[in-house]
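Just so it is clear, none of the values below were taken in a lab; they were calculated from the coordinates. Since the model is a prediction, treat every value here as computed from it, not as a measurement. Note: ideal-geometry Cβ built from the backbone for every residue, glycine included; neighbour counts use all protein chains shown.
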């Protein structure tokens with residue numbers, strides 16, 4: 001297996017490897033996982049269904065941990081746990097991919113990692129971008145790092161996916177996925193790296209309104225909102241990013257703890273079909 005870095009900041013392409021082999025080869029799996037921790041997102045081409053069946057796709061992801069379901073997207077009927085992210089032009093829910101986000105931070109335990117394969121895509125457009133949130137934190141001014149140390153933020157399903165749903169369905173899912181609270185600066189449980197952990201699911205800080213930061217209530221409205229938008233915007237810095245052009249049977253896997261991603265929706269009418277296995281993570285600290 002050859003590893004070719006994609007940018008100076010994040011991402012590498014794996015060459016001359018069939019991911020299905022890593023299901024049964026411990027040495028190959030360990031080499032791939034070490035590369036994932038180092039480069040944060042890995043890419044592969046030509047992972048066709050005859051080389052990597054849907055069950056092998058699931059089996060590889062299960063070596064990373066238990067698979068999780070998606071709140072609104074269905075699993076493939078032949079492979080429960082392999083979520084179908086099939087784009088439909090008339091679905092408002094499909095519009096939530098085109099924002100910088102980290103999968104599932106509205107859960108108490110957001111996903112650890114994701115393994116995604118393209119089944120069908122347009123000839124041009126529909127790229128996905130990833131950002132290195134360790135680098136995004138490292139490059140913050142020291143004064144900002146001091147300001148956000150110890151801050152906690154709320155992450156909401158109800159204010160994102162739920163907003164486009166009928167009220168009864170939205171409230172039912174809100175009860176199932178109540179807003180989660182996570183540290184603004186997370187520590188990666190395996191590498192020990194500190195990283196910025198706010199994204200499109202983040203609605204507000206829960207412990208900003210203290211005398212050291214706020215004189216009057218109006219201070220909170222302005223200062224907290226501005227700071228949160230500034231932090232969310234760090235994923236948009238090109239120097240922290242990699243961009244991947246999809247082809248049928250290309251794959252990407254990413255460490256969901258240390259990255260954010262953005263699915264570029266520049267290909268109307270939508271006709272992209274992706275299949276994703278997401279791995280249950282742990283509670284951020």
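A few points about this structure:
- Cβ crowding within 10 Å ranks 103, 142, 56 as 142, 56, 103, fewest other Cβ atoms first.
- Cα gyration tensor category, rounded, prolate or oblate, for the stretch 101-172 with a/c compared to 1.5: oblate
- For the pair residue 218 and residue 37 in one chain, pulling the backbone fully straight at 0.36 nm per residue adds 60.9 nm over the alpha carbon distance.
- Using the Cα coordinates of the stretch 1-128, the gyration tensor eigenvalues translate into equivalent-ellipsoid semi-axes of 24, 18, 17 Å, sorted from longest to shortest.
- As a proxy for reagent exposure, ranking 50, 138 by other Cβ atoms within 10 Å from fewest up yields 50, 138.
- Counting every other Cβ atom within 10 Å of each residue's Cβ, 160, 154, 258 order from fewest to most as 154, 160, 258.
- Among 175, 73, 235, the largest mean-square fluctuation in a Gaussian network model of the chain (Cα springs under 10 Å) belongs to 175.
- Sites residue 119 and residue 191, calculated FRET efficiency, Cβ-Cβ separation with R0 35 Å, nearest 0.05: 0.65
- Acute angle (nearest 10 degrees) that the helix 167-176 long axis makes with the longest principal axis of the chain, alpha-carbon atoms: 90 degrees
- Multiplying the residue separation of residue 138 and residue 24 by 0.36 nm and subtracting their alpha-carbon distance yields 37.3 nm.
- Centroid-to-centroid separation of the stretch 103-152 and the stretch 196-264 [C-alpha atoms, Å]: 8 Å
- Global form of the stretch 114-233, assessed from the alpha-carbon gyration tensor, a/c cut-off 1.5: oblate
- Residue 226 paired with residue 50, simple spin-label distance in nm, labels 7 Å along Cα-to-beta-carbon: 6.1 nm
- C-alpha long axis of helix 26-39 to longest principal axis of the chain, angle in °: 40 degrees
- Model label points for residue 16 and residue 1, set 7 angstrom from Cα along the Cα-to-Cβ axis, are 1.4 nm apart.
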